[in-house]
Structures are given as structure tokens and as C-alpha cells.
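Written out below as C-alpha cells is the structure these notes cover.
The values are calculated or read from the model by the stated rules, or taken from the named source; none is laboratory data. These numbers come from a predicted model, not from an experiment. Quick reminder, even Gly has a Cβ in these numbers, built from the backbone with ideal geometry, and neighbours come from all protein chains shown. The accessibility values were calculated without ligands, DNA or RNA, using every heavy atom of the protein model including side chains. Shrake-Rupley method; radii C 1.70, N 1.55, O 1.52, S 1.80 Å.
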Amino acid sequence: MKNNEDVIDDFNRLNDAYFKYVLASPERKNLTINFINAVLSYQPYENEEPVVISDVEFLDRETVPYSENDKIPRFDLFAQSTDGRYFHIEVQNIPEKSFTKRSLYYAFLDYTMQMRRGIKYKDLKPVIFIGIMNFNLFGDSSEDREWYTLHKFLNVKTHENNFEDVSFHMIELPVLRRHLKKTSAVPDAKLEELLCFWGCRKGDKHMNSLVEEIAEKNSDVAEMLELERLFRMDPLLMRQYLIDERAHLDYISNMEDYREEGLEEGRKDSARKLRSQGILSDEQIADALDMPIEVVKTL
């Protein structure tokens, strides 16, 4: 198990606290807007001209459930642009085979929750889901395949997009890292430049060298490097960072320890250990381990 010094030295930019500090803050929404535009313009569908957003409003990341027994979804970043479209960004550090199902659930929850009294179906706005995965969801990173994939609902014969209101932009960072190391070139696409920053960890000399070179020409990357420096100097922010990292590491360790005893028992033991530490709330533990809150409270 890593100690706090090791965790700080191996700074994880995809840490929940740091990611939201940079991209989910109204004071720095220029970075959010630029990131979303970089995603939208990376590979437009069928050479269509992407719509560039000019402003966003950050929305509540905690969705009210339909009933008191339903799970409360907690989003990483949820925003609406001035043209009405909803943007949902989720970062997943821990490998999760069901991430595609969770992505579908979140996107359609974003879509259906728009319905209120007086709202007509024609008034529903598009939902754009962006998934950033620090693991391989669609295959092995050694395969010669794309790190970015765009998913829409298409007619299986004509490939026409008749259900255009929901789309998924999925990014697999391990595949991108392999691509960047293989080419040994500084990326020139805006999205690659930004993801080079987000996908880089302190121990990766090649990626760090790329980030430093990119920062000289990309003002967003330069700004995020400065924000990282300020973040690491703030004791309160670093405390939350360490809480998130320790919960992440404890979860992985506990799941490995109890894998042979069965997934459900492993989750319960993980929940007991996290509760005994008194760092995370029961709701946070239930969300992290995908367990009913009532079960967590009994442990």
C-alpha cells in the first residue's frame, strides 16, 4: 500500500477532486468550453461541421431519484450550453466492464429528466456524453485501433442517424498513450494535446516531456499546469485529493483481497473498512461500491 508521500509524488490528474477543480469550476469554465469543443471537432460524424459552443452553465451533479429507494447518481461534470444541449463528462479510473451500461443509464437519465410539466417531446434537448477511461474498455491497448470512438444510434442498413439526440464520445487513455509513444511526435490535434495532459502521470517521462512541449503552444495546457501547482500548495484541496486517492487505492486493494471470497462479500468488507476510517459518508461508499445505501448502513 502506498503512503501519502508516494500518492502525492505520483500525482493523478484524473483524481476526482482535481478534475472537478479544473473542469467543473465556473471560474475556469473557459477550460471546460475548450475541452468540449475539442471533443466535438475531433472527428465530426460524416464530415459534418461541428457546432461550436460559446458558453455553458454548470448544473447540479447530483440527480434526484424517482423514488426514495432509488440510487442517487452523482456525476463528474454536467453542464448545458447556450444552444440547449446537455454535456455529461464522466471520468473512470477503475476498470469497469459495465461502464457502457452506466454510460447509457446516465445519458438517458439526462434525457428523460428534462421532462417537466408543460414540456413537449419536441422540446427535449440533445445529450452528449463524454467518457474518459483510464483503462481499455473495448479491447487490448496492443491492438491497432482508435483511442477515440463516436457512438450513435444508426439504421443497421442505411447507417442513417435518425435518433440523433444522444451520442457518446468514448476516450480510452491507455490506447492514446500507446499511440503517442509509438509515433514519438508531438500531437497537433487540440484534443490530443489536452488528453496528453490528463492522461500523463509523474512517472511517465515521455508523456511529461510531451506535456511540457505542448504547454509552450497550448495556453490551456499551460494554465492547467499552473492550476496543478496551486492545487498542490493548498492543504484543504490536497486533503480532499488524498481522501479520494486513498479510497480509490483501498477499494482496489480490498477487492483484490476478497475476490476469491465472492464479489458481494468483497464489497461488504470494503464498505466496512471504508466506514471504519470515517472519511467517506455512507452515501459516498454506496456510490463507489455500487451497493444499496441501506446495506452500507448495517455494516
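What the table below lists for this structure:
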read-out: Residue check, residue 167 of a type in the set (Ser, Thr, Tyr) and at pLDDT below 90; value: no
read-out: Residue list for segment 197-250, filter: more than 13 Å from residue 15 (Cβ to Cβ) and of a type in the set (S, T, N, Q); value: 208, 209, 218, 219
read-out: Restricting segment 8-32 to residues that are among the aliphatic types (A, V, I, L, M) and in a helix (DSSP H, G or I), the residue that is nearest to residue 92 (Cα to Cα); value: 17
read-out: Residue identified as modelled with pLDDT of 95 or more, of a type in the set (Val, Ile, Thr) and within 15 Å of the chain's Cα centre (by Cα) among 130, 94; value: 130
read-out: Pairs with Cβ under 6 Å, 6+ apart, first in segment 159-188 and more than 22 Å from residue 218 (Cα to Cα), second of a type in the set (Lys, Arg) and surrounded by fewer than 20 Cβ atoms within 10 Å (Cβ to Cβ); value: 161/152; 167/152
read-out: Residues satisfying the stated conditions in segment 33-60, i.e. outside any helix (DSSP H, G or I) and in contact (Cβ under 8 Å) with a residue 40 or more places away in the chain; value: 43
read-out: Residue match in segment 98-121 (condition: assigned to a loop (DSSP other than H, G, I, E, B), under 30 Å from residue 200 (Cα atoms), open to solvent by 30 Å² or more (accessible area, probe 1.4 Å) and without any contact (Cβ under 8 Å) to a residue 24 or more places away in the chain); value: yes
read-out: Top-ranked residue in segment 180-191 [being open to solvent by less than 10 Å² (accessible area, probe 1.4 Å) and assigned to a helix (DSSP H, G or I); ranked as nearest to residue 39 (Cα to Cα)]; value: 191
read-out: Condition met for residue 63 (under 27 Å from residue 26 (Cα atoms) and either modelled with pLDDT of 95 or more or surrounded by 15 or more Cβ atoms within 10 Å (Cβ to Cβ) (or both)); value: yes
read-out: Output for segment 192-208, where each listed residue is open to solvent by 10 Å² or more (accessible area, probe 1.4 Å) and more than 21 Å from residue 40 (Cα to Cα); value: 201, 202, 203, 204, 205, 206, 208
read-out: Residue selected from segment 209-245 under the condition without any contact (Cβ under 8 Å) to a residue 60 or more places away in the chain and among the hydroxyl-bearing types (Ser, Thr, Tyr), by the criterion most open to solvent (accessible area, probe 1.4 Å); value: 219
read-out: Residues (of a type outside the set (Gly, Ala, Ser) and farther than 22 Å from residue 29 by Cα) located in segment 201-235; value: 201, 202, 204, 205, 206, 207, 208, 210, 212, 213, 235
read-out: Failed item, numbered, when residue 217 is tested on (1) modelled with pLDDT of 85 or more; (2) charged (D, E, K, R); (3) assigned to a helix (DSSP H, G or I); value: (3)
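Each row is one residue, and each column tells you yes or no for (1) among the aromatic types (Phe, Trp, Tyr); (2) buried (at least 17 other Cβ atoms within 10 Å of the Cβ); (3) not in a strand (DSSP E or B).
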| site | (1), (2), (3) |
| --- | --- |
| 130 | no, yes, no |
| 139 | no, no, yes |
| 161 | no, no, yes |
| 174 | no, yes, yes |
